[in-house]
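The values are calculated or read from the model by the stated rules, or taken from the named source; none is laboratory data. Because the structure is a prediction, the values reported are computed rather than measured. With ideal geometry, Cβ positions are generated from the backbone for all residues, glycine too; neighbour counts draw on all protein chains shown. SASA here: full protein model, heavy atoms, side chains in, ligands and nucleic acids out. Shrake-Rupley method; radii C 1.70, N 1.55, O 1.52, S 1.80 Å.
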Amino acid sequence: MSFVPHTYRTPDFTEERFVNAPNVRIEPAPKDGVAPEYYHAMSIFPEYFKIDGQWLFPKDSRMDCVCIYENGELFVREFRHIKKGDQIICGRTETGAEGIFVYTEGFEDEPPEQENAGRRADNFAFRLGRSRETAFSREYDELYDLLRYERENGGYVVWVMGPAFSFNDYSRMAFAKIIEGGFVNAVLAGNALATHDLEGAYFHTALGQDIETQENRPNGHYNHLDTINRVRYHGSIAQFIEAEHVDNGIMHALEANHVPYVLAGSIRDDGPLPPVYGNVYEAQDAMRGHVRKATTVICMATMLHTIATGNMTPSYRVLEDGTIRPVYFYCVDIAEFAVNKLIDRGSLGSRGIVTNVQDFIANVAKGLKVL
């Protein structure tokens, strides 16, 4: 079955509650980085604001940010990007009573009372949650179709990755093949993923352990530091790859296929590698530059990067032709806690898959027929 995105249904603003709703309150920001009292904080959902009798909504959004009215348009910005005098949307209700409407049902293909009616027929039932005992075959099949659809229809797939993939040569190769197949538009990760992937290409180890046999190499604990040092000597990952004749791995595939990546630094980083962002807010802005374009996000084995990405990802994307489509979000981790944590944080409602991410990426590569 070919994949078809859920259809967006625009609210009916001819309804009496919308016609009679007041215009939204707009107040100037009192200082740089400071919102006025009673500011409105955005959610992951499409939100409409009544201004001069018209219901408008921002094309780009992010939860826990403010909405600014500027030159007849709405923009959603982080508090740290607020400038004194910015016209900030104010109000705390979401039903239209203050000229603010948070729309949670835009992508429901069926009326709520019909959707999943069979599953809701019983008040008590087993296996309604997602756990390590869940069979995820349906999720895999849906993901294969989704990724093919994205590649063929100009989607933007963002992969958020922890370093676990770099500890195994087969998973490194699997993701490299997915990149080469055109299923990756951007990668968000940290210093560790790139470091150990390059270590794998340079020394055939990750943290000093052979990436095929998992045997420790003599003095292997130096290998990742030697790799970082050599990359820093050459000045960039691209120059290291060329000068040291690196011909395999994730970073090699990203560079060879001109796929952008953001490496966000952390307090524990060694080195770090030259392109790693040491300023957390610069890293966040760089990540959001890709999230703003994302139509699918797949987060794997990195809780903090996953939550960070989830918090900046809205449930919808407005395409260049004006079409509103959903953003599909997957969280993959061997720990159920990590998969459920994203939902607990109020982030984007995500599809969770509880599994070893090295096995996951191998299955995806096989399902996409790139291996």
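Between 0 and 90 degrees, the angle of helix 280-291 with respect to the longest Cα principal axis of the chain falls at about 80 degrees. For T93 and L225, the difference between the fully extended length at 0.36 nm per residue and the C-alpha to C-alpha distance is 42.2 nm. For the chain, which whole-number percentage of the solvent-accessible area (1.4 Å probe, protein heavy atoms only) is attributable to carbon and sulfur atoms? The computed percentage sits at 49.
Distance between the C-alpha centres of the range 214-231 and the range 315-344: 36 Å, rounded to the whole angstrom.
Between rounded, prolate and oblate, where does the range 179-328 land on the alpha carbon gyration tensor, with a ≥ b ≥ c its root eigenvalues, rounded for a/c under 1.5, else prolate if a/b exceeds b/c? Prolate, because a/c is 1.5 or more and a/b exceeds b/c.
If the reach is capped at under 20 angstrom between alpha carbons, list the lysines near K177, excluding any in the same chain fewer than eight residues apart. Straight-distance partners of K177: K366, K369.
Treating the angle as unsigned and between 0 and 90°, give the value, to the nearest 10°, between the Cα long axis of helix 169-180 and the longest Cα principal axis of the chain. Tilt relative to the chain: about 50 degrees.
About the centre of its Cα atoms, the chain shows a dipole size close to 320 debye [charges on the beta carbon of Lys, Arg (+1) and Asp, Glu (-1) only; nearest 20 debye]. For K341, no lysines have a Cα closer than 22 Å to its Cα, not counting residues fewer than 8 places off in the same chain.
Once the Cα atoms are used to define both axes, helix 191-203 deviates from the longest principal axis of the chain by about 20 degrees.
Taking every protein chain into account, the 1.4 Å probe leaves D32 with about 100 Å² of accessible area, to the nearest ten. In the chain, helices alone account for a calculated mean residue ellipticity at 222 nm of -9000 deg cm²/dmol, with every DSSP H run of four or more residues adding -39,500 (n - 2.57).
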